[in-house]
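What follows is a set of notes on a single structure, which appears directly below.
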Amino acid sequence: MSCTFCAIVAGDEPADVVLDTPEVLAFLDTRPVFKGHVLVVPRVHIRDLVELPDDLVAPLFTAARSVAAAVPGALGAQGSFVAMNNTVSQSVPHLHVHVVPRTKGDGLRGFFWPRVKYASGEPSRYAACLRAELARG
């Protein structure tokens, strides 16, 4: 079975990477809820949270926490929404954590996730802002 996220991890598909560690890769979602929406994935193919081995729990969630901490400074957001689907509504069957920039009054309600589109060149700028904020740590 072909996996889009495995292809991104392997470098076979392009992505705007914001965090790259030996265990985890974080990159911009191509169909973001809001611009700057990041997906944090384990480098190895793991279908869902139930299959996540104990030795990857800390690296995955440490990376998600780091991205969530970087979002306000990098993007001017007031906070973030951090979520994970587990099989149901998981559009790519590869475990991933969503880190979505949030601002009070942004219109996100419940579990209806509207999607926005990036203009040409915007993804690389958003990714660069997030990488810079992550580097400041």
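The values are calculated or read from the model by the stated rules, or taken from the named source; none is laboratory data. If you're wondering where the values come from, they're calculated on a predicted model, not measured in any experiment. In this analysis, Cβ positions are derived from the backbone assuming ideal geometry, glycine residues included, and neighbour counts consider all displayed protein chains.
Of all the listed residues (31, 136), the sole one being exposed (fewer than 15 other Cβ atoms within 10 Å of the Cβ), in contact (Cβ under 8 Å) with a residue 24 or more places away in the chain and within 14 Å of the chain's Cα centre (by Cα) is 31. Taking the listed residues 33, 18, 38, the one that is at pLDDT below 95 and either in contact with a Phe, Trp or Tyr (Cβ under 8 Å, 6 or more places away or on another chain) or on the phi > 0 side of the Ramachandran plot (or both) is 33, with no other qualifying.
Is there a residue in region 51-62 that is assigned to a strand (DSSP E or B), more than 11 Å from the chain's Cα centre (by Cα) and surrounded by 14 or more Cβ atoms within 10 Å (Cβ to Cβ)? There is no residue in region 51-62 that is assigned to a strand (DSSP E or B), more than 11 Å from the chain's Cα centre (by Cα) and surrounded by 14 or more Cβ atoms within 10 Å (Cβ to Cβ). Remark: residue 121 falls outside the filter, which requires a residue to be modelled with pLDDT of 85 or more, more than 25 Å from residue 45 (Cα to Cα), surrounded by fewer than 18 Cβ atoms within 10 Å (Cβ to Cβ) and within 15 Å of the chain's Cα centre (by Cα).
Pairs are defined by a Cβ separation below 6 Å, a sequence spacing of at least 6 or placement on different chains, a first member in region 70-96 that is within 17 Å of residue 18 (Cα to Cα) and at pLDDT 95 or above, and a second member that is of a type in the set (Ser, Thr, Tyr) and part of a loop (DSSP other than H, G, I, E, B); the pairs so defined are 77/103.
Yes/no matrix, rows are residues, columns are (1) crowded, with 18+ Cβ neighbours inside 10 Å; (2) in contact with a Lys or Arg (Cβ under 8 Å, 6 or more places away or on another chain); (3) assigned to a strand (DSSP E or B):
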position	(1), (2), (3)
39	yes, no, yes
44	no, no, no
72	no, no, no
81	yes, yes, yes
90	no, no, no
104	no, no, no
107	no, no, no
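Residues of region 15-28 being surrounded by fewer than 19 Cβ atoms within 10 Å (Cβ to Cβ) and in a loop (DSSP other than H, G, I, E, B), which ones? Of everything in region 15-28, those that are surrounded by fewer than 19 Cβ atoms within 10 Å (Cβ to Cβ) and in a loop (DSSP other than H, G, I, E, B) turn out to be 21, 22, 23.
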